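Colleague: Pasting a structure below so you can have a look.
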Amino acid sequence: ALSEDEFHDAVSGEL
Amino acid sequence: MARQEQVLVLEPQQELKFRGPFTDVVTATLKLTNPTDRNVCFKVKTTAPRRYCVRPNSGVIDSGTSINVSVMLQPFEYDPNEKSKHKFMVQSILAPRDMTDMEGVWKEAKPEELMDSKLRCAFEMPIG
């Protein structure tokens, strides 16, 4: 089965 | 459990387009409009958090207003055959009328109060 997408908080600072 | 329908209007609605070349940061803009009479808290999530810088990545959209979110794709080695699998989610919740701090709103949020919209990403090379 397709792995359910795993979402993380987006980053607003420097990566 | 009936999920609350998303009240925010997203532009674009389904797909964020990033036009290369990808040797430098490429920015896509996601416009979030709040057509309701309530303030709405939002936060942006992604399946590729190390690849994108998102500003603002969370906040409150006052009733009847819009904000533009800049989604900045960091430079990478573009492969035209590699279809982007990255996805974004805008999670939102109606702001309590007496809201003091936003963190508290997310902590106390009940799952059925949360709304979310998902967008996929598309990478395009410049024309010509």
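Colleague: Quick one: which of B:SER70, B:SER63 is surrounded by fewer than 17 Cβ atoms within 10 Å (Cβ to Cβ) and in a loop (DSSP other than H, G, I, E, B)? Break it down stepwise before answering.
Modeller: Details: B:SER70 fails: in a loop (DSSP other than H, G, I, E, B).
From the options B:SER70, B:SER63, the qualifying one is B:SER63.
Colleague: Ok, one more. Let me confirm something: among B:VAL60, B:VAL54, which residue is touching a helix residue (DSSP H, G or I) at 6+ places or on another chain (Cβ under 7 Å) and not charged (D, E, K, R)?
Modeller: Details: B:VAL54 fails: touching a helix residue (DSSP H, G or I) at 6+ places or on another chain (Cβ under 7 Å).
Criteria check complete, one pass: B:VAL60.
Colleague: Quick one: which residue in B:VAL90, B:VAL105 is of a type outside the set (Gly, Ala, Ser), touching a residue at least 12 places away in the same chain (Cβ under 8 Å) and in contact with a Pro (Cβ under 8 Å, 6 or more places away or on another chain)?
Modeller: When all the criteria are applied, what remains is B:VAL105.
Colleague: Where residues in region A:3-14 are modelled with pLDDT under 95 and either touching a strand residue (DSSP E or B) at 6+ places or on another chain (Cβ under 6 Å) or within 16 Å of B:ARG120 (Cα to Cα) (or both), which of them is nearest to the other protein chains (Cβ to nearest Cβ)?
Modeller: That would be A:ASP5.
Colleague: Is it fair to say B:THR29 is surrounded by fewer than 19 Cβ atoms within 10 Å (Cβ to Cβ) and either in contact with a Phe, Trp or Tyr (Cβ under 7 Å, 6 or more places away or on another chain) or farther than 14 Å from A:HIS8 by Cα (or both)?
Modeller: yes
Colleague: Still on this structure: Tell me, yes or no, whether region B:76-92 has at least one residue that is among the charged types (D, E, K, R), under 10 Å from the mean Cα position of the chain (by Cα), more than 20 Å from A:ASP5 (Cα to Cα) and not in a loop (DSSP other than H, G, I, E, B).
Modeller: Among the residues of region B:76-92, not one is among the charged types (D, E, K, R), under 10 Å from the mean Cα position of the chain (by Cα), more than 20 Å from A:ASP5 (Cα to Cα) and not in a loop (DSSP other than H, G, I, E, B), which makes the answer no.
Colleague: Related question: What is the number of the single condition among (1) free of Cβ contacts under 8 Å to residues at least 40 places away in the same chain; (2) not in a loop (DSSP other than H, G, I, E, B) that B:LEU30 does not meet?
Modeller: If we test B:LEU30 against (1) free of Cβ contacts under 8 Å to residues at least 40 places away in the same chain; (2) not in a loop (DSSP other than H, G, I, E, B), just (1) comes out false.
Colleague: Let me ask something else about it. Residue under question is B:LYS85, and the condition is that it be at negative phi and in contact with a His (Cβ under 8 Å, 6 or more places away or on another chain); does it hold?
Modeller: No: the conditions fail for B:LYS85.
Colleague: Determine, yes or no, whether B:PRO49 is in a loop (DSSP other than H, G, I, E, B), facing chain A (nearest Cβ under 10 Å) and not hydroxyl-bearing (Ser, Thr, Tyr).
Modeller: Working: in a loop (DSSP other than H, G, I, E, B): yes; facing chain A (nearest Cβ under 10 Å): yes; not hydroxyl-bearing (Ser, Thr, Tyr): yes.
Here the answer is yes, as B:PRO49 does meet what is asked.
Colleague: Here's something else I'd like to know. Considering only region B:94-127, how many residues are within 23 Å of B:THR29 (Cβ to Cβ), of a type in the set (A, V, I, L, M) and surrounded by 14 or more Cβ atoms within 10 Å (Cβ to Cβ)?
Modeller: Count: 4.
Colleague: Restricting the search to region B:17-45, which residues are among the basic types (Lys, Arg) and away from every other protein chain (no Cβ under 14 Å)?
Modeller: B:LYS17, B:ARG19, B:LYS31, B:ARG38
Colleague: Mind checking whether some residue in region B:78-86 is touching a helix residue (DSSP H, G or I) at 6+ places or on another chain (Cβ under 8 Å) and either touching a residue at least 60 places away in the same chain (Cβ under 8 Å) or buried (at least 16 other Cβ atoms within 10 Å of the Cβ) (or both)?
Modeller: Checked against the condition, which is being touching a helix residue (DSSP H, G or I) at 6+ places or on another chain (Cβ under 8 Å) and either touching a residue at least 60 places away in the same chain (Cβ under 8 Å) or buried (at least 16 other Cβ atoms within 10 Å of the Cβ) (or both), region B:78-86 yields no hits at all.
The values are calculated or read from the model by the stated rules, or taken from the named source; none is laboratory data. Only a predicted model underlies this, so the values are computations on that prediction, with no experimental measurement involved. Neighbour counts are summed over all protein chains in view; Cβ atoms, including those assigned to glycine, are modelled from backbone coordinates with ideal geometry.
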